[in-house]
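Below is one structure, written out as structure tokens, with a few remarks after it.
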Amino acid sequence: KTCEKLGQLNIDISNIKAIGVSNQRETTVVWDKLTGEPLYNAVVWLDLRTQSTVENLYKRIPGNNNFVKSKTGLPLSTYFSAVKLRWLLDNVRKVQKAVEENRALLGTIDSWLIWSLTGGVNGGVHCTDVTNASRTMLFNIHSLEWDKELCNFFGIPMEILPNVRSSSEIYGLMKAGALGGVPISGCLGDQSAALVGQMCFQDGQAKNTYGTGCFLLCNTGHECVFSEHGLLTTVAYKLGRDKPVYYALEGSVAIAGAVIRWLRDNLGIIKSSEEIEKLAKEVGTSYGCYFVPAFSGLYAPYWEPSARGIICGLTQFTNKCHIAFAALEAVCFQTREILDAMNRDCGIPLSHLQVDGGMTSNKILMQLQADILYIPVVKPSMPETTALGAAMAAGAAEGVGVWSLEPEDLSAVMIERFEPQINAEESEIRYSTWKKAVMKSMVGLQLSLRKVVTLVSSVVCPWAFL
């Protein structure tokens, strides 16, 4: 389809020298290497069916509780691929049988795409890159290899795992189609791709991507920095087989753009995602309404899977415009929480925030973000930096060499800048009220559980209420 459109634009597809892949990092798929068919639907990063799997694994952690985190930089959570695969092995007979018969291959979406595009059952390349591998909880981010001890802990056979490669090298050639013979030479998980696309190649440079979720990454250079404030340590990129690895601190927010989709699909207060800016602009305030969209629990910095979404501060005056404004504010407050954690971990506060992703076209959101962070927000003229990062990695690979990613060879990017427009005191008051709402999103579930326990005890023991 892309090649058809390029033809309509009079662009000769022989100019395409390489292909880059970027993907949702933790989303997991298992397929049959003999038939090429997936054995079950992909288990998406936000999926909470794995909560009981996580609870069971917690009971089995040997020695101290840092066993998984010290090797992977990740907390034991429903978010990452290992627990999704463990769930598939425990619950899907087709997957179990394929593993027993040595027919199964595992991958995140990048692995599935590269295997399929390079031939699939006819010699497809089963690989991933270091950024995607670092999100599985099976990969040692220090040795840059699959970790036998972790695989044993999760009960994952190592032979079904893809080969781990750098983020910029030729993995194989397109087997068929309009681009047959073109090398696939770039592979980065979406947030690492955005970091590269934003050209955050120096220690301390950071970007925030606004998509379904929200992801703030800060380049920490060749050093693994372990967070004391609820952030993840992850592989940022490795741009070549013989190039050094770079690490990042990451704050992950589960629900950002997904809250707009929820207002559209579940509540029906908007017909399209673009309408939210118009509604929010009508009122210019949430009028004391606060929205905590903990639809999949809370990720960084809380890592509380039992939290649930709440809208509070409602009055008879509250209408859909205030709720729309509160939804946009929620995205900004969540970003403030992870930025504060990052500033504490790094010791040097960010002087500005580089942003990208689909939601950055919303000017109300961008201005709110600058106000709530009380630092400038800087948006590149080309916001789809995830695609750009994958293309940069592909074009720089050895054997392709379309361009160089050395700092002196990179050109400046046109930007749009949003400066804070409220005073610092007002920003702090709004943020502290939001934090109280977050506490309610966690307390609410505890209270409801207490009621259930009390109800059960009153049935078993009628005088329990006395």
**OP:** Give me the net charge of Phe295's neighbourhood, meaning all other residues with Cβ under 11 Å from the Cβ of Phe295; Lys, Arg count +1, Asp, Glu -1.
**Re:** +2
**OP:** Provide the gained length on full extension for the span Asn56 to Val121, in nm with one decimal, where the gain is 0.36 nm per separating residue minus the Cα-Cα distance.
**Re:** 19.8 nm
Original post:
By the gyration tensor of its Cα atoms, with a ≥ b ≥ c the square roots of the eigenvalues, what is the shape of region 188-442: rounded for a/c under 1.5, prolate for a/b over b/c, or oblate?
Top reply: prolate
Subject >> Packing rank of 426-439, 6-19, where each peptide gets the mean count of other beta carbons within 10 Å, highest leading >> reply: 426-439, 6-19
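For Lys440 and Glu100, what is the calculated FRET efficiency with R₀ set at 35 Å and r taken between the beta-carbons, to the nearest 0.05?
On the way: r = 47 Å, r/R0 = 1.35.
Between Lys440 and Glu100 the formula returns 0.15.
Using the Cβ atoms and a cut-off under 13 Å, what net charge is assigned to the surroundings of Thr385, where Lys and Arg are +1 and Asp and Glu are -1? Mind dumping the intermediate values first?
Details: positive: Lys207, Lys379; negative: Asp190, Asp356, Glu384.
Residues close to Thr385 contribute a combined charge of -1.
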Original post:
How much mean residue ellipticity at 222 nm does the chain get from its helices, if each DSSP H run of length 4 or more adds -39500 (n - 2.57) and you divide by all residues, to the nearest 500 deg cm²/dmol?
Top reply: -11000 deg cm²/dmol
Subject >> For peptides 179-192, 387-400, sequence by mean Cβ density within 10 Å, most packed first >> reply: 179-192, 387-400
**OP:** Would you work out what percent of the accessible area of the chain, with all protein chains in place, is carbon or sulfur (probe 1.4 Å)?
**Re:** 55 percent
Original post:
Residues of region 142-257: accessible area per residue at 1.4 Å, in Å²?
Top reply: 33 Å²
Original post:
From the list [x] -0.28, -0.79, -1.42; [y] -0.37, -0.95, -1.32; [z] -0.34, -0.87, -1.39, can you say which value of log10 I(q)/I(0) by the Debye sum over Cα atoms at q = 0.06, 0.10, 0.14 Å⁻¹ was derived from the structure given?
Top reply: [x]
Original post:
Which peptide among 326-333, 113-120, 343-350, 301-308 comes first, and what is the full order, when sorted by highest mean count of other Cβ atoms within 10 Å?
Top reply: 326-333, 113-120, 301-308, 343-350
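Once the Cβ-Cβ distance between His222 and Thr315 is put in as r, and R0 is 60 Å, what FRET efficiency do you end up with, to the nearest 0.05?
Details: r = 53 Å, r/R0 = 0.88.
Working from the Cβ atoms, E equals 0.70.
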**OP:** Determine the gain in length on full extension of the stretch Gln421-Glu274; use 0.36 nm per residue of separation and subtract their C-alpha separation, reporting nm with one decimal.
**Re:** 50.6 nm
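Out of the DSSP beta bridges found with both residues in region 15-165, what percent are antiparallel (nearest 5)?
Details: 9 of 12 bridges.
Counting only bridges with both partners in region 15-165, antiparallel ones make up about 75 percent.
Quick one: net charge of Lys94's neighbours, Cβ under 12 Å, K/R +1, D/E -1?
Numbers: positive: Arg93, Lys97, Arg103; negative: Asp32, Glu37, Glu100, Glu101.
Neighbourhood net charge equals -1.
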Original post:
Which whole-angstrom value gives the distance between the alpha carbon centres of region 362-383 and region 15-82?
Top reply: 32 Å
**OP:** Return the whole-Å distance between the Cα centroid of region 312-354 and the Cα centroid of region 121-172.
**Re:** 35 Å
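The values are calculated or read from the model by the stated rules, or taken from the named source; none is laboratory data. Every value quoted in this text rests on a predicted model; they were computed, and no experiment measured them. So basically every Cβ, Gly included, is an ideal-geometry build from the backbone, and we count neighbours across all protein chains shown. Remember, those area values only see protein heavy atoms, side chains included, never the ligands or the DNA or RNA. Shrake-Rupley method; radii C 1.70, N 1.55, O 1.52, S 1.80 Å.
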